[in-house]
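Accompanying notes for the structure given below.
The values are calculated or read from the model by the stated rules, or taken from the named source; none is laboratory data. On a predicted model such as this, the values are computed, not experimentally measured, just so you know. Here the Cβ is made from the backbone with ideal geometry for all residues, glycine too, and neighbour counts use every protein chain on show. These area figures cover heavy atoms from the full protein model, side chains too; ligands, DNA and RNA do not enter into them. Shrake-Rupley method; radii C 1.70, N 1.55, O 1.52, S 1.80 Å.
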Protein chains: 2
Amino acid sequence: MIDTTPAELRLNLGRNLTHGLLDALGRAIVTGQYDNGAFPTEAELAKQHGVSRSVTREAVKMLTAKGLVSARPRQGTIVQPRSSWNLFDTDVLRWLLNRKFSLDLLRQFNQLRSAIEPEAAALAALLADDNDLAAINAGLERMKAAETGGEQILEADIAFHVAVLKGSKNPFFAQFQDVVGTALRSSIQFTNRLKGHSASIPDHAAVAHAIMKRQPDKARAAMKKLVSDVLDLIDAAEPGKAAAKRR
Amino acid sequence: MIDTTPAELRLNLGRNLTHGLLDALGRAIVTGQYDNGAFPTEAELAKQHGVSRSVTREAVKMLTAKGLVSARPRQGTIVQPRSSWNLFDTDVLRWLLNRKFSLDLLRQFNQLRSAIEPEAAALAALLADDNDLAAINAGLERMKAAETGGEQILEADIAFHVAVLKGSKNPFFAQFQDVVGTALRSSIQFTNRLKGHSASIPDHAAVAHAIMKRQPDKARAAMKKLVSDVLDLIDAAEPGKAAAKRR
DNA sequence: TAATGTCCATTTATATGACGAATAGGACAT
DNA sequence: ATGTCCTATTCGTCATATAAATGGACATTA
């Protein structure tokens, strides 16, 4: 039972009741609140959260669009298996990382980065335009400026990686802008522990330099090293599972 | 102006009015129907398609969840820039590939595969369980059996790649199951032209063999070759743009 | 004139109540 | 044991009314 009040829902995401309820339900689903029992009916949801049926219906429709649930008459609304959740939806990702944070998930996410970002860097070295290059440099400069650590450097770090993804001129890679941003921000409680390494300025500079010089292979390798270092740190934090290596 | 009737909407996706309208609006948006003029208001949409406001609202809410539009009071509903569309939503991807099919998009999608699938194959070589291995082999056998070509071999091909992604035991890679399936099926009109190459049995067998033998590096290399061949064919079909190489 | 505050029109957001359609599961007959 | 039918339940759809938000017009004021 979650039993939120309308006021709380409104505060939740700063928008409106529908988005507030969406957020509440999303979190509840990813934390497994409905794994055994069935998902509440329209009427029950409306009653529990003190909102109208319209609001619940629209929230549930959005959950459907993100793959978390499916609804059929008489059967009711049912939570879909995790495999059909859209992990690249920033809402879903945020819910997952915030509530049930796990090293496993962080490792798996960085395995993804390790596949995506080096290729994106290589493409950026070939295709990035002046704007992209400027953004990449700007991100690097911000990192240097905020070298003290903390939230500053995290945002600068994100800006750098986002700029590279965008510079790839491939919309599928560019799509990961939000994903990477969301994931890095959501997992800050962990990554803070390994700061100083993950935000290694020289390694980032090497990526930027290779892209500027239009050297895709060097850019790929430099970016690969960067992400690999993060993966090494994660494995080091949990030696047991290190079997899942990825080089 | 699209002006569908409720009956047409129902047929569209075989489900209900809401999903039918979602589909119609999604297609209209990705084909740029609303790029200059503004998106219709709730009332207009309801009138144009002969459905109630509830249906339009829920369809629009789903579009919102997929990042295609945003809605605010007084401002109305506005189509978001392409960069914020969720390309990894199978609906969005299907709409994009069906209506405005382009070699560019196909190339970019295969650049993504070229980043993802080799790493997934390497992980699968390390982590796939017996079920996964069986599925990979089954896909390969289906390909051999359907060697005549046509739709049979495409489905077998998809099954093979999906099995590898699943075998990676990484939910982010596994997520691409639907994406790869949707994209391959949607781009069949083009890929048919280059069949026989893209579905090279020996190359697929090499991937499967490396995974069975638990050789991640070989699996990665074999999968890389497989996707690279597709990319080469795409570049060959459109020599001008081949500058966007990706090795 | 320029800055600021007030009001208004428009559009989405929310609420409510009613009815329709589909179907899971049981009752019943065979 | 099997197939058929019925019914209760739940989502799907519709209609209408009211609230909230906001961009812009307009008035006010320094």
What are the distances, in nm and sorted shortest first, from the label point of residue A:129 to the label points of the same position in each other copy, with each label point placed 7 Å from Cα along the Cα-to-Cβ direction?
4.9
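For the pairs A:144/A:218; A:224/B:225; A:144/A:224; B:66/B:213, flag any whose C-alpha to C-alpha distance is greater than 31 Å. Write down the numbers at each step before the final one.
Working: A:144/A:218 22 Å; A:224/B:225 20 Å; A:144/A:224 21 Å; B:66/B:213 40 Å.
Over 31 Å Cα-Cα: B:66/B:213.
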Amide H neighbours of residue B:69 at under 5 Å, excluding residues fewer than 5 places away on the same chain, with H built from the backbone geometry, are B:64, B:80
The range B:102-127: which residues show an accessible-area loss of 10 Å² or more, assembly versus chain alone, 1.4 Å probe?
B:105, B:108, B:109, B:111, B:112, B:115, B:116, B:119, B:123, B:126, B:127
When each copy gets a label point 7 Å from Cα toward the beta-carbon at residue B:213, what are the spacings between them in nm, shortest first?
3.7
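Using r as the Cβ-Cβ distance of residue A:217 and residue B:102, and R0 as 25 Å, what FRET efficiency do you calculate, to the nearest 0.05?
On the way: r = 28 Å, r/R0 = 1.12.
The pair residue A:217/residue B:102 has a calculated efficiency of 0.35.
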Candidate cut points under trypsin sites (Lys or Arg not before Pro) in the range A:68-126, DSSP loop plus at most 12 other Cβ atoms within 10 Å of their own Cβ, are A:74, A:100
How far is residue B:228 from itself in the other copies, in nm, if each label sits 7 Å out from Cα along the Cα-Cβ line, shortest first?
1.8
Can you compute 3J(HN,Hα) from phi for each residue in the range B:176-184, using the Karplus curve 6.51 cos²θ - 1.76 cosθ + 1.60 with θ = phi - 60°, rounded to whole Hz and x for Gly and Pro?
6, 3, 5, 4, 5, x, 4, 5, 5
Pop out the ³J(HN,Hα) list for the range B:118-135 in order, Karplus 6.51 cos²θ - 1.76 cosθ + 1.60 with θ = phi - 60°, rounded to Hz; leave Gly and Pro as x.
x, 5, 4, 5, 4, 5, 4, 4, 8, 10, 4, 8, 4, 4, 4, 4, 4, 5
I'd like the chymotrypsin sites (Phe, Trp or Tyr not before Pro) in the range A:75-180 restricted to DSSP loop residues with at most 15 other Cβ atoms within 10 Å, sorted by number.
A:101
Using θ = phi - 60° and Karplus 6.51 cos²θ - 1.76 cosθ + 1.60, couplings along the range A:40-53 (whole Hz; Gly, Pro as x)
x, 7, 2, 4, 5, 4, 4, 5, 4, 9, x, 10, 7, 4
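Take the Cβ-Cβ distance between residue B:205 and residue A:84 as r, set R0 to 51 Å, and report the resulting FRET efficiency rounded to the nearest 0.05.
On the way: r = 30 Å, r/R0 = 0.59.
The formula returns an efficiency of 0.95 here.
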Solvent-accessible area lost in complex, 40 Å² minimum, residues of the range A:41-72 relative to chain alone, 1.4 Å:
A:58, A:61, A:62, A:65
